[in-house]
Amino acid sequence: MRKWIYSVVLGILSSTAFGLNVCESTYALCTSAVCEPMLGYPDKVNCICEVKSGYSAAQKVCQKLKETDKGTLLYSRYYPIHGYKICSNDRSWAYCLDAPCMLDKNDPEKATCLCSLVKNKGNYVLVTDKKIEASCESGIFSSATIGQVQQITDFLKTKDELTPFEIKVQN
């Protein structure tokens with residue numbers, strides 16, 4: 001199934017317009033997802049994300065759930081965070097915004113998302129508003145750069161549907 005997600009995604013990613021949008025739908029929330037390498041694809045990781053419904057933010061055009069012969073396809077979106085820890089090392093992390101995901105047939109509150117493995121993009125964040133054992137020194141976590149978090153937060157300040165929280169930066 002994971003290789004199927006990758007093959008389906010190639011066409012979708014190349015044809016989607018960029019921008020920031022507020023969406024209202026079911027989405028995967030990968031903000032604090034733990035990820036694992038995907039064999040045969042050194043620049044991709046699989047991340048287990050929470051499934052949520054309601055308003056969220058996307059960098060690409062909003063898309064709703066899509067039933068396929070392999071299962072239910074949905075996309076990873078952003079929901080405002082309360083705080084983060086800054087990581088300044090050169091470890092790899094997963095970029096999941098707008099990533100394609102497959103709903104877990106056995107647990108509809110989870111989805112497996114195909115995220116990009118990135119590094120050397122500058123300081124990145126680990127969300128700290130949940131009790132997670134995230135560390136800048138080990139594991140692969142879903143993340144974003146500080147600049148990306150600021151950009152989407154500034155965008156959401158202009159929208160009524162999804163108001164950002166005041167973000168607390170942890171040491």
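The values are calculated or read from the model by the stated rules, or taken from the named source; none is laboratory data. These numbers come from a predicted model, not from an experiment. In this analysis, Cβ positions are derived from the backbone assuming ideal geometry, glycine residues included, and neighbour counts consider all displayed protein chains.
So that you can scan it fast, the table gives a plain yes or no per residue for (1) in contact with a Leu (Cβ under 6 Å, 6 or more places away or on another chain); (2) surrounded by 13 or more Cβ atoms within 10 Å (Cβ to Cβ); (3) within 19 Å of Tyr95 (Cβ to Cβ):
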| position | (1), (2), (3) |
| --- | --- |
| Val34 | no, yes, yes |
| Pro37 | no, yes, yes |
| Asp43 | yes, no, yes |
| Cys47 | no, yes, yes |
| Ser53 | no, no, no |
| Ser56 | no, yes, yes |
| Val61 | no, yes, yes |
| Glu67 | no, no, no |
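Each row is one residue, and each column tells you yes or no for (1) on the phi < 0 side of the Ramachandran plot; (2) among the hydroxyl-bearing types (Ser, Thr, Tyr); (3) surrounded by 12 or more Cβ atoms within 10 Å (Cβ to Cβ).
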| position | (1), (2), (3) |
| --- | --- |
| Leu73 | yes, no, yes |
| Ile81 | yes, no, yes |
| Asn89 | yes, no, no |
| Cys101 | yes, no, yes |
| Asn120 | no, no, no |
| Ile146 | yes, no, yes |
| Gln151 | yes, no, yes |
| Ile167 | yes, no, yes |
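When you go through (1) part of a helix (DSSP H, G or I); (2) under 13 Å from the mean Cα position of the chain (by Cα) one by one for Ser76, which number turns out not to apply?
(1)
Please find, among Val61, Val45, the residue that is farther than 24 Å from Glu24 by Cα and under 16 Å from the mean Cα position of the chain (by Cα). Steps first, answer last, please.
On the way: Val61 fails: farther than 24 Å from Glu24 by Cα.
Just one listed residue meets the conditions, Val45.
Can you name every one of the strands (runs of 3 or more DSSP E) wholly within the stretch 84-171 that holds 3 or more residues which are aliphatic (A, V, I, L, M) and modelled with pLDDT of 95 or more? I'd like the intermediate steps shown before the answer.
Working: elements: 93-95, 100-103, 110-118, 124-127, 168-170.
Of the strands (runs of 3 or more DSSP E) lying wholly inside the stretch 84-171, those with at least 3 residues that are aliphatic (A, V, I, L, M) and modelled with pLDDT of 95 or more span 110-118.
Determine the pairs where a residue that is without any contact (Cβ under 8 Å) to a residue 24 or more places away in the chain, located within the stretch 148-160, has a partner that is in a helix (DSSP H, G or I) and surrounded by 11 or more Cβ atoms within 10 Å (Cβ to Cβ) with Cβ atoms under 8 Å apart, the partner being 6 or more residues away or on another chain.
As it stands, the answer is none, since no pair meets every condition given.
Of everything in the stretch 77-96, what is more than 11 Å from Ser25 (Cα to Cα) and free of Cβ contacts under 8 Å to residues at least 60 places away in the same chain? Give them in sequence order. Before you say what the answer is, go through the steps one by one.
So in the stretch 77-96, the residues more than 11 Å from Ser25 (Cα to Cα) come out as 78-96.
Correct list: Cys87, Ser88, Asn89, Asp90, Arg91, Ser92, Trp93, Tyr95.
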